[in-house]
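K.L.:
Here it is: the structure, laid out below.
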Amino acid sequence: MVTFGSTGLALLAGGVVDAEQLQRHAHDREVVSSGLRRLDSLLPGGGVRRGSLIEWLAGGEGSGATTLAGLVACRLAVASSARTLVVVDRRGWFHPPALMPWLARQGDPGKEGPRLIVARPSSDDDEIWAIDQALRCSGVAAVVAWPRMTALWSGQERPARGHAFQQWTTAMRRWQLAARSSGAVGLFVRPEAARREPSWAEARIAVTPLPSPPDAAVTERSLRVEIVGGAWNGRSGAATGPVDVVLDLLRPGEATARRGLPRAFATGGAACLAS
Amino acid sequence: MSRFMTIWLPRWPVQRRLREHPEWRNVPVFVSRRERRGVMTVASWAWADAPREAAGGLRAGHALRIPAGTSLAEAMALLALTYGSRACHVSQVVPDDPAADQAVLERVARWCRRFSPAVATATVDDAARSSRAPEADPHASPDCLFLDVTGTAGFFGGESMLVRTTVWTLAARGLHARAAIADTPGAAWAAAHHTHLLANDGVTISPRSAGRRPRRWAVVPAGEQTSLLSGLPLAALRLDAATTTALREVGIDTVGGVLKLSAKSLTSRFPATLGLRRAQLTGTRAEPLACGSGTESLPQMSHAFELPIPTTTFTEGMLAAVLERLLTGCVSPLAARGEGVLALQVRLEPPAGMGMATSTPTVIDVGLFRPSISPRHLLELVQLRLGRLRLPRELDGIVVEVVAAGAAACRQRALFADATDGAGTRDTSADRTAAVDMLLDRLSGRLGRDAVFEPRPVADAQPEHAWIPSAPVDSAARPTTTSHRDRARGSAPAGAPLRLTGRRPIWMPARPVRVEPLQAELIAVTAIDPAAERQPPLRFRLAGQVHRVVQFHGPERIETAWWRGPIVRRDYYVVETETGGRFWLFRRLKDGAWFLHGVFA
């Protein structure tokens, strides 16, 4: 069920009642910052729109695409009024301790923290259904999944041709409609090779890992992100072309602002170590 | 001749908590009670998955017995002596909650109505005594179910099959139970508590000749309870400590000794309770069951077809219509008293008389995380299960039975939208919480309850055990308990391991992948310089592709888990390849073997 603020009432007062237009309008103005300034600059509206699907195309093994998607999902769960994050983990690879500290750190001390729910379907049909159900739920802020991912190491998808391919394409459309109806955001991590396939995602973001500087901490991660497809491709944000993002995994966000600070300094005869 | 079955759930307070927290099976759990002057005593305790060998090489099962009433400090000292001090650190101590124990026991009693229509958690005499002086009754803490199984055993293939089925179906639901059938509730109680001393046919056997695994069931043949139970100890008579002591002082240690006493000597020398218990055991005094409103009040609706209907002609819509009508009939009386369905069972009955295999009903058990009063939601959950079942060829009837109910959260809906809602949608926080609960019901209904969980952090250094899946529960229902270690630190229960933020991979295989250079499918890690012990390999092959390590962080040494078996000693490295990919490798210090344990995907 969707209602509209003052703008929506103004449209109603004008005598024009177009439910779909109103709904689109309602979601269009709901943009949540990803918590990463440079990533926001890529996205039209300056952030992630609620009710959209985003594909993260991982450039190789250990690329950091899932980490980035998880970081954005945590941010959405914290910033949204719907404070539940659902991870659909078909293969049982997801390691929750990687995400749980981010949810705990970003949550308000006085409020109950966001919920992290993991679903482990055992078949393709169940995976499609579980993602659809989670995206349809108004209490869910974001859904993270690895649809069709077949092997942990290779980061490849199961080949799907003919009917199976059609099944996944149809599923993606269903997910898009489900997300639009509830306002949840679907974050799907797929291999780079999926770029050639058609998609209903609003944005397809290629994530390529960059070698870290020699003095970089283990909790910093350098990534190159670029919008390579999707409905938002032609409506890019402030930045055009790829941007480099340095993730601070310790304090979920971007590390570029702190990069210039000295790691240690001396004051009053006492040595201080910047943490 | 009446026949009664007693189901005993040993250490019920601990069993109840283990059902709510399966992760506690690995640690000692103490249910404590605060006595006068603030002394904490042990009401019940158990360690479900205790190590086989206790400290000093003793067999753990025989090494430690902590009777109820022992002070908590003494119990901890005994635990430390037997299992080491770490067992005390990881132990969970929870306060006693007899009301919650009773409530859950009544839910189990409702579930047991499939074995008999008359199920009670106490007899009338015991219920009256407990209500008068709960603290004076040693058996006030409920841990037994009494069933009147007169005439029902035939449906299960005899009394022996009935008692066996009862024990194993409860075991399948995670409950350890012992059961016995006898002429009187008292005799069944005595037999159920001493099944290890009874053979299956009820013949008393000596404790030494009993097998290593105690028997879980017994059947006392009709009219033979006095002869067969005479060898049991005095505890089989449900006596208080003072009466037991008085009996022992005159050299009576068994039930047989009490049965030999004359009625005159019994009334003049011992408390009246002894005569009552003896009469209840032998059957000279009736002991009716207290089948209160709790077991009778849950609704059950059924629909019987005039003729068996082939399921091929019974469309999904027709089935849904019948189910919705039955569900509405079940929900309405509950909703009227402010309750909702927490668990229900749907039975699709095939026509009888077509052989044993075909006459078995198709049973659909549906559990919810929050009580629901919505027939439509319940129907949806049933349909999710129906779609994955093979229905019987013909249907004779459909039964919908509410197995458990709970207080439903009802509130008035707002007429207008909440203007301050940042999402711009009408639904409030309560709406969204309810939507998530319904989502959990749907997901667990189709994927299975084990396939949907909320991960909880565990203070364990070994990465595989750093979290546990726990059943999603309402946040308000989460109990606040503290472990000994947490209390010692003065901190909250183990929270998210913040110090490890960013240092754990987001993908981790269920088991570390061993280096097997000959198997192309696995990762071949080649240490270029084996002498460099504190360095990760310079190159490794992953899925046929060779990666060159240009940077690494570590080692992070983890030495732990000595109490789980062989000690875990590993040096972990976060390695970064020339393309920027990150992996989590470790070297097993025991033999220097390399493993891949995660991907920073």
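K.L.:
Taking neighbour counts of Cβ atoms within 10 Å as a proxy for exposure, in what order, fewest first, do A:T208, B:T70, B:T315, A:T66 appear? Can you show the working numbers first?
P.N.:
On the way: A:T208 21, B:T70 18, B:T315 10, A:T66 28.
Ascending Cβ contact count within 10 Å gives the list B:T315, B:T70, A:T208, A:T66.
K.L.:
Continuing with this model, one more query. So between B:V546 and B:A304, what do we pick up on full extension, going 0.36 nm a residue minus the alpha carbon distance? Please list the in-between numbers first.
P.N.:
Details: separation 242, 0.36 × 242 = 87.12 nm, distance 6.78 nm.
Result for the pair: 80.3 nm of gain on full extension.
K.L.:
List every residue whose amide H lies under 5 Å from the amide H of B:G397, counting only residues 5 or more places away in sequence or on a different chain, with H placed 1.01 Å from N in the peptide plane.
P.N.:
For B:G397, whose amide H was placed from the backbone, the distant partners under 5 Å are B:F305, B:E349.
K.L.:
Going by how many other beta carbons lie within 10 Å of each one, how would you line up B:E23, B:E394, fewest first?
P.N.:
Working: B:E23 15, B:E394 19.
So the ranking, lowest neighbour count to highest, is B:E23, B:E394.
K.L.:
Okay, next question. Listing B:V402, B:V39 from the residue with the fewest other Cβ atoms within 10 Å to the one with the most, what is the order?
P.N.:
Ascending number of Cβ neighbours within 10 Å: B:V39, B:V402.
K.L.:
Per residue of B:580-588, how many C-beta atoms from partner chains lie within 10 Å of its own C-beta, taken as a mean? Don't jump to the answer; show the numbers that get you there.
P.N.:
Details: counts 14, 10, 9, 3, 2, 0, 0, 0, 0.
Shielding by partners across B:580-588 averages 4.
K.L.:
Still on this structure: Would you please give the FRET efficiency between B:K264 and B:S85, computed as 1/(1 + (r/R0)^6) with r the Cβ-Cβ distance and R0 = 60 Å, to the nearest 0.05?
P.N.:
Calculated transfer efficiency: 0.60.
K.L.:
Under the rule of at least 5 residues apart or a separate chain, name every residue whose amide H is placed under 5 Å from the amide H of B:A290.
P.N.:
For B:A290, whose amide H was placed from the backbone, the distant partners under 5 Å are B:A122, B:T123, B:V124.
K.L.:
Taking R0 as 56 Å, what's the FRET efficiency between B:V124 and A:Q167 from their Cβ-Cβ distance, rounded to 0.05? Let's see the in-between values first.
P.N.:
On the way: r = 62 Å, r/R0 = 1.10.
In this case the efficiency is close to 0.35.
K.L.:
Moving to a separate point now. Testing the spin-label approximation: label points 7 Å from Cα along Cα→Cβ at B:S2 and B:H196. State their distance in nm.
P.N.:
The modelled label-to-label distance comes out at 3.1 nm.
K.L.:
Also, I was wondering about something else. Give me the one-decimal nm value for the distance between modelled label points at B:R285 and B:A407, 7 Å along each residue's Cα-to-Cβ direction.
P.N.:
For B:R285 paired with B:A407, the spin-label model returns 3.8 nm.
K.L.:
What is the projected area of the convex hull of the Cα atoms of region A:26-74, averaged over all directions, in nm²? Don't skip to the end; give the middle numbers.
P.N.:
Details: hull surface 14.1 nm².
For region A:26-74, averaging the hull's shadow over all directions gives 3.5 nm².
K.L.:
What is the gain in length, in nm to one decimal, between B:A510 and B:F155 on full extension, counting 0.36 nm per residue of separation less the C-alpha to C-alpha distance? Walk me through the numbers before you get to the answer.
P.N.:
On the way: separation 355, 0.36 × 355 = 127.80 nm, distance 4.48 nm.
Once the chain is fully extended between B:A510 and B:F155, it gains 123.3 nm.
K.L.:
Residue by residue through A:205-214, how many Cβ atoms from other chains fall within 10 Å of the Cβ on average?
P.N.:
Numbers: counts 0, 0, 0, 2, 7, 2, 8, 6, 1, 2.
Mean shielding count: 3.
K.L.:
Report the gain in length on full extension from B:I558 to B:S429: 0.36 nm times residue separation, minus Cα-Cα distance, nm rounded to one decimal.
P.N.:
On the way: separation 129, 0.36 × 129 = 46.44 nm, distance 4.23 nm.
Full extension from B:I558 to B:S429 adds 42.2 nm.
K.L.:
Give me, ordered by chain and number, the residues 5 or more places off B:M40 or on other chains with an amide H under 5 Å from its own placed amide H.
P.N.:
Long-range HN contacts for B:M40: B:E35, B:L72.
K.L.:
May I pose another question? Could you sort the peptides B:234-244, B:253-263 by per-residue average Cβ neighbour count (10 Å cutoff), highest mean leading? Present the calculation step by step, with values, prior to reporting the outcome.
P.N.:
Details: B:234-244: 18.1, B:253-263: 15.7.
The densest-packed peptide leads the list: B:234-244, B:253-263.
K.L.:
Sticking with this structure for a sec: Divide, for region B:547-587, the radius of gyration over alpha carbons by 2.2 N^0.38 Å, where N is the residue count.
P.N.:
Numbers: Rg = 13.0 Å, N = 41, 2.2 N^0.38 = 9.0 Å.
That ratio works out to 1.44.
K.L.:
What is the mean number of Cβ atoms from other protein chains located within 10 Å of the Cβ atom of each residue in peptide A:84-91, rounded to a whole number? Please report the intermediate quantities before stating the final value.
P.N.:
On the way: counts 8, 0, 5, 2, 2, 2, 0, 3.
The shielding value for this peptide is 3.
K.L.:
Would you mind classifying region B:243-398 by shape? Square roots of the alpha carbon gyration tensor eigenvalues, ordered a ≥ b ≥ c; an a/c under 1.5 is rounded, otherwise it is prolate if a/b is larger than b/c and oblate if not. Working shown, then result.
P.N.:
Numbers: a/c = 3.90, a/b = 2.50, b/c = 1.56.
Verdict is prolate for region B:243-398.
K.L.:
If r is the Cβ-Cβ distance from B:A103 to B:R36 and R0 is 25 Å, what FRET efficiency results, to the nearest 0.05? Each step should come with its number before you reach the end.
P.N.:
Numbers: r = 26 Å, r/R0 = 1.05.
Plugging the Cβ-Cβ distance into 1/(1 + (r/R0)^6) gives 0.45.
No value in this document is a laboratory result; all are computed from the given coordinates. Everything numeric here is computed off the predicted structure, so don't read it as measured data. Note that each Cβ is placed from the backbone with ideal geometry, even for glycine, and that neighbours are counted across all protein chains shown.
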